[in-house]
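K.L.:
Just dropping this structure here.
The values are calculated or read from the model by the stated rules, or taken from the named source; none is laboratory data. Because the structure is a prediction, the values reported are computed rather than measured. Cβ placement follows ideal geometry from the backbone for every residue including glycine, while neighbour counts extend to all protein chains displayed.
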Amino acid sequence: MDNLSTILSHFKIEALNEMQNATLEAFKKPNDLILVSPTGSGKTLAFLLPALSQLKKEIEGVQVLILVPSRELALQIEGVFKQMSTGFKINCCYGGHSSQIEKNNLEHSPAVLVGTPGRIAYHIRKGNLDLDETQTLILDEFDKSLEFGFKEEMSFIVQHIKHLKKRMLTSATLLKEIPPFVRLKNATELNFGGVDSDLKPQLKIKSVRAVGVDKLNALLLLIGKLGNKSKIVFCNHRDAVNRISEQLTKLKIAHGTYHGAVEQIDREKTLIKLRNGSIQLLITTDLASRGLDIPEIEAIIHYQLPTTEDVMIHRNGRTARMHASGTAYFLLEEKDYLPPFLTVVPEEESLPDKFVLPKECEWKTLYIAAGKKDKINKMDIVGMLLQKGNLQKDELGKIEVLDHSAYAAIKSSKIGKTLELIREEKIKNRKIKMEIST
């Protein structure tokens, strides 16, 4: 690929890893492709790069279709493709927001379309989407899409791609069976995962036993001991997430919650805060074990033990990603046993006698009630905050602009004063509501 080094420079990467190189080579062959590789290993770039090589500027229409199980994963892939700066258009389709906006976007077909099976099938049925030019289909996190019940929608979509030449399936764990509707042809399998993929050298495995205290108190002691390290606490049930969150709120510990009953906009805000450092603790179900665009996490805590090996692999995959290190903690009650599928003996971690309150996060998030659809961009916000909010560059963190809102990380020690200074300011000659995001 002629412009590979330029694309990699956008990600500050000097070279592809072994898995990505192998995928590029395998994609050149006429066979379909199955890629098994751990979460965080760079799968998105691994399939977008060869897909890019298939795109032709003279063709009008969707040339590459990418199906994903979740809105978050769709947005993540869209973001990575845009960062590649290829000159080709990409659009994103998913539930939970206006289908009319998507319909308008599809009137000028993107070269790459990424979306959830339900929403893509909806647009096909409504006549908004034509797949006559589609030759490449990528089913990312395919096993998760099946688990979420998208088999019927995916089958419907595949039937409507008349000139399909290349299929690629990706998964973080080995696929036990490929349904016939996919119609794989002489598929090449690249397996960079497997049973021990979660036990990479950079991932430490530790156990914590709640001796003399209940499990929730043991969790709080561990959270206090880990201090300001970024961490995710995994539960099997929403009730446990909510129970832990109530206790953390009483202790005034900044955190976010993430599960299926949390409103989509609140989930999105939680992930934004996790990315920009306004929170360093996420309490979640397995909904957050993969397919989310979140930064390096230093510690994973299995508050409720994973029920299967696959669940353990996906949870552990949120830390020790790419070349970083991380630790997975198994929190055990006095009579608990470690999961039988854990093939290493964990190092035992002791708990302190007293709870130590973690320090306040370095950043807080400013909410701005306008976004891309209001013609507001990142530079508009940077200009206002530096000039009118009297911030220095190192006091302004990550900024994310959504369709109708924006979020800016500001140093905790500065955000109150900054808000006072900008409260009456306008952006693009418009008075816009701004407040500290809670």
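K.L.:
Name the helices (runs of 4 or more DSSP H) wholly within the range 32-119 that hold at least 1 residues that are over 17 Å from Asp140 (Cβ atoms), touching a residue at least 40 places away in the same chain (Cβ under 8 Å) and hydrophobic (A, V, I, L, M, F, W, C)?
P.N.:
The helices (runs of 4 or more DSSP H) meeting that bar are 99-106.
K.L.:
Name the pairs whose Cβ atoms lie under 6 Å apart, with the first residue in the range 137-148 and assigned by TED's automatic domain parsing to the domain that holds Leu73 and closer than 17 Å to Leu292 by Cα, the second modelled with pLDDT under 85 and part of a loop (DSSP other than H, G, I, E, B), and 6 or more positions between them or separate chains?
P.N.:
Glu141/Gly291; Asp143/Leu175
K.L.:
Sort out which residues of the range 332-352 are part of a loop (DSSP other than H, G, I, E, B) and under 24 Å from Asn217 (Cα atoms), and write them in order of number.
P.N.:
Glu334, Lys335, Asp336, Tyr337, Leu338, Pro339, Pro346, Glu349, Ser350, Leu351, Pro352
K.L.:
Is one or more of the residues making up the range 279-290 in contact with a strand residue (DSSP E or B) (Cβ under 9 Å, 6 or more places away or on another chain), in contact (Cβ under 8 Å) with a residue 24 or more places away in the chain, under 17 Å from Lys204 (Cα atoms) and of a type outside the set (Gly, Ala, Ser)?
P.N.:
Within the range 279-290, none of the residues are in contact with a strand residue (DSSP E or B) (Cβ under 9 Å, 6 or more places away or on another chain), in contact (Cβ under 8 Å) with a residue 24 or more places away in the chain, under 17 Å from Lys204 (Cα atoms) and of a type outside the set (Gly, Ala, Ser).
K.L.:
Shifting gears a bit: In the list Tyr367, Tyr329, which residue meets the criterion of being under 21 Å from Lys229 (Cα atoms), aromatic (Phe, Trp, Tyr), at pLDDT 95 or above and not in a loop (DSSP other than H, G, I, E, B)?
P.N.:
Tyr329
K.L.:
Has the range 103-114 got at least one residue that is in the same structural domain as Ala26 (by TED's automatic domain parsing) and closer than 30 Å to Glu309 by Cβ?
P.N.:
yes
K.L.:
Right, another one. Please go through the range 50-73 and give me each residue that is surrounded by 21 or more Cβ atoms within 10 Å (Cβ to Cβ) and of a type in the set (Val, Ile, Thr), ordered by number.
P.N.:
Listed by number, the residues that qualify are Val62, Val64, Ile66, Val68.
K.L.:
OK, next. Give me the residue from the range 181-191 that is touching a helix residue (DSSP H, G or I) at 6+ places or on another chain (Cβ under 9 Å) and not charged (D, E, K, R) and, out of that set, nearest to Val64 (Cα to Cα).
P.N.:
Top of the filtered list is Val182.
K.L.:
Oh, and also: For His10, all conditions in the list (1) more than 23 Å from Asn91 (Cβ to Cβ); (2) touching a helix residue (DSSP H, G or I) at 6+ places or on another chain (Cβ under 8 Å) hold save one; what is the number of the exception?
P.N.:
(1)
K.L.:
Could you grab me the full set of residues in the range 125-153 that are buried (at least 20 other Cβ atoms within 10 Å of the Cβ), acidic (Asp, Glu) and in a loop (DSSP other than H, G, I, E, B)?
P.N.:
Within the range 125-153, Asp140, Glu141 qualify.
K.L.:
Return the residues of the range 254-292 that are closer than 21 Å to Ile410 by Cβ and part of a loop (DSSP other than H, G, I, E, B); say none if nothing qualifies.
P.N.:
Ala254, His255, Gly277, Ser278, Ile279, Gln280
K.L.:
So is Glu102 touching a strand residue (DSSP E or B) at 6+ places or on another chain (Cβ under 6 Å) and buried (at least 20 other Cβ atoms within 10 Å of the Cβ) or not?
P.N.:
Taking the combined requirement at face value, the residue satisfies it.
K.L.:
Could you tell me whether Glu296 is within 21 Å of Lys359 (Cβ to Cβ), in the same structural domain as Thr307 (by TED's automatic domain parsing) and modelled with pLDDT under 90?
P.N.:
For Glu296, the condition - within 21 Å of Lys359 (Cβ to Cβ), in the same structural domain as Thr307 (by TED's automatic domain parsing) and modelled with pLDDT under 90 - is met.
K.L.:
For the range 394-438: of the residues being hydrophobic (A, V, I, L, M, F, W, C) and part of a loop (DSSP other than H, G, I, E, B), which is nearest to Glu362 (Cα to Cα)?
P.N.:
Among those that are hydrophobic (A, V, I, L, M, F, W, C) and part of a loop (DSSP other than H, G, I, E, B), it is Leu402.
K.L.:
Surrounded by 20 or more Cβ atoms within 10 Å (Cβ to Cβ), in contact with a Lys or Arg (Cβ under 7 Å, 6 or more places away or on another chain) and under 22 Å from Lys398 (Cβ atoms): which single residue out of Ile300, Ile232 fits that description?
P.N.:
On inspection, the qualifying residue turns out to be Ile232.
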